[in-house]
Amino acid sequence: MLVRRTEPPASAAVTITVDGRDVRARKGESVAAAVLAAGIVPTRLAPVSGAPRAPYCLMGSCYECLMTVDDRANVQACMTPVKDGMRVRTHASRPSLRHG
Amino acid sequence: MGERADIVVIGAGPAGMAAAIQAAAAGLAVAVLDDQPTPGGQIWRNVEGAAERGDLKLFGKDYRRGLASVKRFRLARVDYQPGARVVGVEPDADARDTGGDVLFVRKGQAARLSCKRLIVATGAYERPTPFPGWTLPGVMTLGAAQIALKTSDLVPERPFVIAGQGPLLLLLAAQLEAAGAPPDAVLDLSDPGLALTAGKSAAMAALLAPDYLAKGAYWLGRLRATARNVVQIRALGAERLRQVEWRTAAGAVGRIDVRTLLVHDGVIPNAQLTRAMRAPHLYDMAADAWRPAADRLTGQLDDMPWVHVAGDCAGVAGWAAAEALGESAGAAAATALGRTATPGRWSRTRASRARALRPFLDRIYRPARAFQRPDDATLVCRCEEVTAGAVRAAAALGAQGPNQLKAFTRAGMGPCQGRMCSQTVAAILADAQGRGPGDVGLMRVRLPISPLTVGELAGLNETEIKLPLS
Amino acid sequence: MTDTAQVIVIGGGMVGAAIAYGLAQSGAAVVMLDEDDGALRTARGNFGLVWTQSKGLGMQRYQEWSRRSAEIWGNFAREIEASVGVDAGHEQRGGLMLCSSPDEVAQSEALIAKMQAQAGNMPYDVTLLDRGELMAMVPGVAFGPDVVAAAYCPHDGHANPLKLLRGMHAGFQAAGGQYVPNAGVADIERAGAGYAAIAKDGRRFEAEKIVIACGHGIPALAAKTGLHCPTRPQRGQILVTERLDPILPMPMGSIRQTDEGSIMLGVSHEEVGFNDMNTGDVAGAIAARAVRILPALKTVNIVRAWGALRVMPPDGCPIYDESETWPGVFMATNHSGVTLAAVHARLLPRWILEGETPVGFEEFSVKRFDGTPHARPSH
Ligand SMILES: Cc1cc2nc3c(=O)[nH]c(=O)nc-3n(C[C@H](O)[C@H](O)[C@H](O)COP(=O)(O)OP(=O)(O)OC[C@H]3O[C@@H](n4cnc5c(N)ncnc54)[C@H](O)[C@@H]3O)c2cc1C
Ligand code: FES
């Protein structure tokens, strides 16, 4: 749904992993933007019906962009700037209280 | 007790930055909390980054101007805390007018910041646009596309369609065109009588992007050629968006194959914080939106004099008015704390000039009917997946108001806390009861206005508070 | 409107709706008058426990009343589901009260001993489990090291209070009841052989009998009808998390997982008058306690929080009474409207319609406070 107009120059790029795959992102952009630019949709399934969803507003209002970031479930990806080495998982599972 | 400041400003957009600069110039200790990583707010989002990558020209003169404002803000003596999300405000215990605490989350930790005066400058967000298929991946807001362009140099994947109404529709079409990604079609959902006209485009351009206007009528003409006035849209697809279906007032139906659909229906004040504080709010019929009851120039709340609102959260009037009103709120707050503040002489004029345009804009950019009366099958609450039909069924049980509807249907109970549905729920209820939206009101907002983790909240109290068990 | 109904129920919250639902089910012509949307609504702010283990210390009758309600709750919920298709999410798999300090263990032991001592021929079924027994009862739940014991009661359970409320409202209307929202009652008058309730906007509703069951609105109306109602507001704050995988098989006092998967964390007891705002300090304290009990909650998002005002009688036990000077005017209140919904719906209609009461019901009369200083400041 979103594609890069220009690739960020090496000096302005960081690498994150999304679902285990390396994704180049532009410094300062949000995790949600980086994931969309990598062509990864849907990014989650709605909690009641399981319908596919993806980031919608990119400004923090709709909460459609929830992803697991560095092991924390349901982080608002559009409000989270990318950092080198960040590990992102889409289809964020529900966090669990189970041990083991 | 957490930290203290004389004045806390929430939001680092045009309004918040201007307010902070004023108050700091008056010699006060000012803290600015903003949830974005860089200053600029919505309009000047990532203006420093765009300048660095040499892309300022894409967005026009108004965006370029932001660079100067952001530079002034960076130079001001304010304690600027980016990445800080405010989740609530608590007035001091007994006296309403001595100040209060701002509760916020930053770097995984909840904290309090006490202040004597608060300036809320949280801007606006896009009016929710429920229509069949609006939750499909591939459908985004127009604002989202603009943010992606500003922060990431991303453009919509083609073919793509822009649908809705409002001045931003045309501006973004032009910005995307300048970025080499013109929309494949524009579906204009304005009332047929208000459809895209040369006058409307020109008014919009004069307001939002004078430099585009100066460059000639090329893109306006082009847009008019691709725009189609329709009354209904549907997004079709299974795993993701494949087609947009439209219907005209005359009943003609058509479909377009698309990868991306951008929708927009104007912006409304982001008043979550003042609503959570239970400050009185007014329903502005022309804008079809609620705003806090406040002094129109200083933004001082009628009911809580220690709090000011400034910028679009006080009533949408654009960045120029926001900057001017921010300045006047900053000066008023500083004066209230015994300082001399001298807002630029132009600020009052600019504010009233921008304000003066508003009724005209509200008249020509009325909210799209297609999004006001979603059919029964359309999801109204995206988070809890509640349809318009379910809301209507609950309204038929005689729900007294939006809070009872929320309790009966779960609409508004998800993480967005009603940002995406409370207006629609209220409109459906108003219809069912033959009342006006101003009479029905909105569902209540409470602290925390945005989710935070149990662990973050657990760290809020520095000393342990015992909870009585029963 | 001046049609004469058989009974007017004032209040559309948990207590009023249960009684009105029960009355309508018994075939009475009932009008339920309710306030507006901004009213203080305990019905929308409670924790959803169907709870017996802590009920009735000093008043065995209340313990028995709660047990009776818990016993028939499942059947009551099925009846609602069958009639209007709303599943109130009732579960009765027992309930735990966690102890996370030696003090709390001592308190729990003391409560159990006292309750056992006052129990007559209805044994008080609560056992204190040690940590090992607790872990065996709820396998997989990673308790924090502070959790040392838990009181377990097999009769306890929980429900979805909002679905219950909706189900009772829908069931009431399906049985022919008439619901009138935005009709807060300002006054009650005598009218012929019956009574009239006058709404704030002047509308007048007449009936043979009136049941005052409007929570915090009761004291004012009771005073006009020869009754008195010494309840006070007591604030409770609650936090709710995002949905999680089902993990908690039963409610644990101040922590429970709902049928939707979210975890509710409660709950404070604050004497702050009619102030239902929620606050950072109490929310912080609730969160801190929750993290000590279930450390994995640390990274779970809280999506909502609120404060709500309990309708609290001086001794914490229900008040049901009929006016002596205005016979046919009844009042009903308590702060466990979810737990007691089943008995309210099933047993109170007979009292109201036929004067037939369960054994020992007179113990719930407000007369029990006569001569005791129970007046409390309301602010
Ligand atoms: C999506 C979108 C696109 C727009 N595009 C244009 C455009 O192209 N051209 C144009 O002229 N106008 C545009 N507008 C309108 C323009 O953005 C506003 O008129 C202008 O930004 C108002 O300035 P402000 O300072 O009031 O608010 P904003 O610029 O929105 O600043 C508010 C700031 O507060 C922050 N904030 C909000 N809530 C919290 C919180 N709880 N805690 C901490 N921080 C918070 C926000 O992140 C933001 O940084 C757009 C509006 C939107 C919503
Ligand atoms: S995309 Fe809407 S909140 Fe992130």
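The values are calculated or read from the model by the stated rules, or taken from the named source; none is laboratory data. Just so it is clear, the structure is predicted and the values come from calculations on it, not from any experiment. With ideal geometry, Cβ positions are generated from the backbone for all residues, glycine too; neighbour counts draw on all protein chains shown. All accessible areas refer to the heavy atoms of the entire protein, side chains included, with ligands and DNA or RNA removed. Shrake-Rupley method; radii C 1.70, N 1.55, O 1.52, S 1.80 Å.
A:Gly60: assigned to a loop (DSSP other than H, G, I, E, B) and either within 13 Å of ligand 1 (Cβ to nearest atom) or within 19 Å of B:Val105 (Cα to Cα) (or both), yes or no? Break it down into steps so the answer makes sense when it comes.
Values: assigned to a loop (DSSP other than H, G, I, E, B): yes; either within 13 Å of ligand 1 (Cβ to nearest atom) or within 19 Å of B:Val105 (Cα to Cα) (or both): yes.
It is true that A:Gly60 is assigned to a loop (DSSP other than H, G, I, E, B) and either within 13 Å of ligand 1 (Cβ to nearest atom) or within 19 Å of B:Val105 (Cα to Cα) (or both).
Against the test of being under 17 Å from B:Cys416 (Cα atoms), open to solvent by less than 10 Å² (accessible area, probe 1.4 Å), touching a residue at least 24 places away in the same chain (Cβ under 8 Å) and at the interface with chain B (Cβ under 8 Å from one of its Cβ atoms), the options A:Ala54, A:Ala33, A:Ala46 yield a single qualifying residue, A:Ala54. Take A:Val23 and tell me if it is more than 16 Å from ligand 2 (Cβ to nearest atom), assigned to a strand (DSSP E or B) and within 10 Å of chain B (Cβ to nearest Cβ). Here the answer is no, as A:Val23 does not meet what is asked. Among the residues of the stretch A:52-65, those that are within 18 Å of A:Val23 (Cα to Cα) and within 8 Å of ligand 2 (Cβ to nearest atom) comprise A:Pro55, A:Cys65. Of all residue pairs spaced 6 or more apart or on separate chains, those with beta-carbon atoms under 7 Å, a first member in the stretch B:263-286 that is part of a helix (DSSP H, G or I) and a second member that is buried (at least 20 other Cβ atoms within 10 Å of the Cβ) and among the polar types (S, T, N, Q) are B:Leu273/B:Thr122. Residues in the stretch B:87-98 that are modelled with pLDDT of 95 or more and either within 16 Å of ligand 2 (Cβ to nearest atom) or farther than 19 Å from B:Ala271 by Cα (or both): B:Val87 alone.
Select the strands (runs of 3 or more DSSP E) contained entirely in the stretch C:261-379, then report the ones holding at least 3 residues which are within 18 Å of the chain's Cα centre (by Cα). It would help to see each step written out before you state the result.
On the way: elements: C:262-265, C:301-312, C:319-322, C:329-333.
Result: C:301-312, C:319-322, C:329-333.
Answer yes or no as to whether B:Lys200 is open to solvent by 50 Å² or more (accessible area, probe 1.4 Å) and either modelled with pLDDT of 90 or more or away from ligand 2 (no atom under 16 Å from the Cβ) (or both).
Numbers: open to solvent by 50 Å² or more (accessible area, probe 1.4 Å): no; either modelled with pLDDT of 90 or more or away from ligand 2 (no atom under 16 Å from the Cβ) (or both): yes.
Against the criterion (open to solvent by 50 Å² or more (accessible area, probe 1.4 Å) and either modelled with pLDDT of 90 or more or away from ligand 2 (no atom under 16 Å from the Cβ) (or both)), B:Lys200 does not qualify.
Among residues that are free of Cβ contacts under 8 Å to residues at least 12 places away in the same chain, part of a loop (DSSP other than H, G, I, E, B) and out of contact with any strand residue (DSSP E or B) (no Cβ under 7 Å at 6 or more places or on another chain), B:Gly418 is not included. List pairs: first in the stretch B:317-328 and more than 13 Å from B:Trp44 (Cβ to Cβ), second open to solvent by less than 10 Å² (accessible area, probe 1.4 Å) and modelled with pLDDT under 90, Cβ under 6 Å, 6+ apart or cross-chain? Close Cβ pairs (under 6 Å, with a partner that is open to solvent by less than 10 Å² (accessible area, probe 1.4 Å) and modelled with pLDDT under 90) amount to B:Ala321/B:Ala351; B:Ala324/B:Ser347; B:Ala324/B:Ala351; B:Leu325/B:Ala351; B:Glu327/B:Ser347; B:Ser328/B:Ser347.
For the stretch C:64-156, give me every one of the strands (runs of 3 or more DSSP E) that falls completely inside it and has 2 or more residues that are over 25 Å from the mean Cα position of the chain (by Cα). Show your work before the answer.
On the way: elements: C:95-99, C:127-130, C:149-153.
The strands (runs of 3 or more DSSP E) meeting that bar are C:127-130.
Select from the stretch C:295-328 the residues that are of a type in the set (D, E, K, R) and within 14 Å of chain B (Cβ to nearest Cβ) and write down the one among them that is most open to solvent (accessible area, probe 1.4 Å). Going through the qualifying residues, I end up with C:Lys298.
State yes or no: is A:Thr68 among the polar types (S, T, N, Q), buried (at least 24 other Cβ atoms within 10 Å of the Cβ) and within 16 Å of ligand 2 (Cβ to nearest atom)? The answer is no for A:Thr68.
Would you check if B:Pro37 is open to solvent by 40 Å² or more (accessible area, probe 1.4 Å), farther than 18 Å from A:Glu29 by Cβ and modelled with pLDDT of 90 or more?
Numbers: open to solvent by 40 Å² or more (accessible area, probe 1.4 Å): yes; farther than 18 Å from A:Glu29 by Cβ: no; modelled with pLDDT of 90 or more: yes.
The answer is no for B:Pro37.
For the stretch B:152-195, residues that are touching a residue at least 12 places away in the same chain (Cβ under 8 Å) and either of a type in the set (S, T, N, Q) or outside any loop (DSSP other than H, G, I, E, B) (or both) total 27.
In summary, B:Lys61 fulfils each of the numbered conditions (1) open to solvent by 20 Å² or more (accessible area, probe 1.4 Å); (2) within 14 Å of another protein chain (Cβ to nearest Cβ) with the single exception of condition (2). Every condition in (1) more than 10 Å from chain B (Cβ to nearest Cβ); (2) open to solvent by 10 Å² or more (accessible area, probe 1.4 Å) holds for C:Met331 except the one numbered (2).
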